[in-house]
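Below is one structure; the comments refer to it alone.
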Amino acid sequence: MVDGSRRSEMWSVTAIGGAADGIMEMNKFWVKLHISTLADADLAMIDDEATRTQSAWRFFIECLMICGEADDNEGWLPCDRNLAWRLRRDEENVGELLRRLKDAGMVAKSRQGWRVINFAKYQAPVPARERKAASRARLNSKKKELVDALK
């Protein structure tokens, strides 16, 4: 069980051949989905359809989750065939959706395969100084609201 500290990573011993051999494996439970995604014009303007099999918006979120499962945190997606199997989609549909995301600037294709652009950047931890400054700003704002309410 995870305590209230909202840990982003959990470590567990992986059993190989039925016996735990002490190999540590990182289990990931979530990826960051930035609120700014709502204002991303490139993603919002993808010619989208409302069905699950055609939704580029949903497909992009699924791609983020697939990248989050990988240990390298670089945003690489599996080949079209494996991605289609993993998402229980038709391979042709996956190829079409990847092309639509590419046209929107959300993914890129290279010799190594498909990659979600800036995945590692957006998944990186917020520096402690920045996180603490934001925390202090929120606290000061709440204090100010309380003082104003008591006036």
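List of remarks:
- The set of residues from segment 43-64 being modelled with pLDDT of 75 or more and either exposed (fewer than 10 other Cβ atoms within 10 Å of the Cβ) or part of a helix (DSSP H, G or I) (or both) comprises Ala56, Trp57, Arg58, Phe59, Phe60, Ile61, Glu62, Cys63, Leu64.
- On the stretch given as segment 111-129, residues that are of a type in the set (S, T, N, Q) and in a helix (DSSP H, G or I) total 1.
Matching residues to (1) touching a helix residue (DSSP H, G or I) at 6+ places or on another chain (Cβ under 8 Å); (2) among the small types (Gly, Ala, Ser):
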{"site": "Val94", "(1), (2)": "yes, no"}
{"site": "Leu97", "(1), (2)": "yes, no"}
{"site": "Ala120", "(1), (2)": "no, yes"}
{"site": "Arg129", "(1), (2)": "no, no"}
{"site": "Val147", "(1), (2)": "no, no"}
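- Top-ranked residue of segment 65-84 - restricted to ones that are touching a helix residue (DSSP H, G or I) at 6+ places or on another chain (Cβ under 7 Å) and assigned to a helix (DSSP H, G or I), ranked as nearest to Gly113 (Cα to Cα): Asp80
- Residues of segment 85-110 that turn out to be in a helix (DSSP H, G or I) and out of contact with any strand residue (DSSP E or B) (no Cβ under 8 Å at 6 or more places or on another chain), as a count: 13
- Qualifying residue in segment 65-78 (condition: farther than 20 Å from Leu43 by Cα and crowded, with 16+ Cβ neighbours inside 10 Å): yes
- Counting only residues that are in contact (Cβ under 8 Å) with a residue 12 or more places away in the chain and loosely packed, with under 13 Cβ neighbours inside 10 Å, segment 106-117 holds 1 of them.
- Against the numbered list (1) loosely packed, with under 14 Cβ neighbours inside 10 Å; (2) modelled with pLDDT of 90 or more; (3) within 24 Å of Ala39 (Cα to Cα); (4) over 18 Å from the mean Cα position of the chain (by Cα), Arg131 comes up short only at (2).
- Considering Leu101, Leu146, the condition of being aliphatic (A, V, I, L, M) and under 21 Å from the mean Cα position of the chain (by Cα) is satisfied by Leu101 alone.
- Hey, Val31 at pLDDT 85 or above, surrounded by 10 or more Cβ atoms within 10 Å (Cβ to Cβ), β-branched (Val, Ile, Thr) and under 26 Å from Gln112 (Cβ atoms) or not: no
The values are calculated or read from the model by the stated rules, or taken from the named source; none is laboratory data. This structure is a prediction, so every number in the text was calculated from the model and none was measured. Cβ coordinates were reconstructed from backbone atoms using ideal geometry, including for glycine residues, and neighbour counts include every protein chain displayed.
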